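Written below as structure tokens is the structure these notes are about.
The values are calculated or read from the model by the stated rules, or taken from the named source; none is laboratory data. Everything numeric in this text was worked out from a predicted model, so none of it was measured. Heads up, the Cβs are rebuilt from the backbone with ideal geometry, glycines too, and the neighbour counts pull from every protein chain shown.
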Amino acid sequence: MNFENLDSSIIASVNETVQKYGQSSDLANRILSWLDAVHSGQVSIEDRNAYLQRIEVLLDATKIENHGD
């Protein structure tokens, strides 16, 4: 995917962190898409409804392991 509005170090950091914690590249792309949209002004980070929707999408895409605690 192309994230024209984001610095390459941000893209690399998100991808590295997502991979480090065993998450899918889909999660990284969703996070980067959100950051790109916020940076370009397409989405306001102050819009509570949009924020809650995005968080729900990100949480749904996150794998959580059950360690039997």
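Please specify each residue of the range 12-30 satisfying the condition of being of a type outside the set (Lys, Arg) and more than 15 Å from ASN2 (Cβ to Cβ). Step through it out loud before you land on a result.
Step one: of the range 12-30, the residues of a type outside the set (Lys, Arg) are 12-19, 21-29.
Of everything in the range 12-30, those that are of a type outside the set (Lys, Arg) and more than 15 Å from ASN2 (Cβ to Cβ) turn out to be SER13, GLU16, THR17, VAL18, GLN19, TYR21, GLY22, GLN23, SER24, ASP26, LEU27.
May I ask you to list the residues in the range 40-69 that are surrounded by 13 or more Cβ atoms within 10 Å (Cβ to Cβ), closer than 18 Å to LEU6 by Cβ and either at pLDDT 90 or above or under 11 Å from the mean Cα position of the chain (by Cα) (or both)?
ARG54, LEU58, listed by residue number.
Would you mind stating whether ALA28 is under 11 Å from the mean Cα position of the chain (by Cα), at pLDDT 95 or above and not hydroxyl-bearing (Ser, Thr, Tyr)?
Values: under 11 Å from the mean Cα position of the chain (by Cα): yes; at pLDDT 95 or above: yes; not hydroxyl-bearing (Ser, Thr, Tyr): yes.
Here the answer is yes, as ALA28 does meet what is asked.
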